[in-house]
Amino acid sequence: MQAAGVGKQKKYKPAKQPLRKRLIRYWPLYVMLLPCIIYYILICYVPMAGSVLAFKDYSFKKGIWGSPWVGLRYFKTFFSSYDAPRLVKNTLSVGVIKCILEFPFAIILALMLNELRSMKFKKVSQTVTYLPHFLSSVIIVTMLQRILAPNTGVLNQAISALGGDGGTFFLMDAKYFFRILFSMDLWRNIGWDSIIYLAAISSVDTSLYEAADMDGCGKLKKMWHITLPGIRGTIGLLFIMGVGDCFPLV
């Protein structure tokens, strides 16, 4: 009977504190969170009210809320136009490049940086890779114009030195557009995106790596069987957020 009674004992669950007590006890953390909440409200949610303009015949005199509703008239006009299929196709292609094709490169970079043993070289590598994220689009486009300019650009001069045609208009040729976009966006964001994965990798239990060393596992096996499964939650979350960023483009 005693054994049966012991088996029916309920697991201990700590009492949940009321919200008021949690706010009082952890108020410094909530104060630190407040600027982030205000930022997302003002920058991300308040401007969403302007999306009603797509369904209104906007008049500057009447304002957003005073302008008459037109329903889906503008959408019908767009999708019935000649350029609609091409524009939708290009927009989806850009979304796929940004959210899917570039996605694995940040993970690969984070895995490579995690394997560096020299902390000084690791810090320098991280700084070099995520520094382009802070450059404005104007600066990046200007750099592209200087690098890809016909005859005088660095790339065309290198092609001429190798005996090729150095007068190619890379920025004016449609077949090079997606390649240039992919390379530019990857160079700009790969280092910044890898920071999140590096933070997730640092939380993986180090005892798993020690056990793998005792079993004779190499670096690639430890990456595949320990590091990647340890950060799969972060990978899944960032992938979902990345796919969600495609919808405003569509």
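Before moving on, here are some points about what is shown:
- Count of residues meeting criterion [loosely packed, with under 15 Cβ neighbours inside 10 Å and farther than 17 Å from SER183 by Cα] in the stretch 103-126: 10
- Where helices (runs of 4 or more DSSP H) fall entirely within the stretch 143-225, those with at least 1 residues that are among the charged types (D, E, K, R) and over 25 Å from the mean Cα position of the chain (by Cα) are at 206-214, 219-222.
- Meets criteria (surrounded by 10 or more Cβ atoms within 10 Å (Cβ to Cβ), not assigned by TED's automatic domain parsing to the domain that holds LYS175 and not small (Gly, Ala, Ser)) for TYR45: no
The values are calculated or read from the model by the stated rules, or taken from the named source; none is laboratory data. As the structure is a computational prediction, the values presented were derived from the model and not from experiment. All Cβ positions, even for glycine, are placed from backbone atoms using ideal geometry, and neighbour counts span all protein chains on display.
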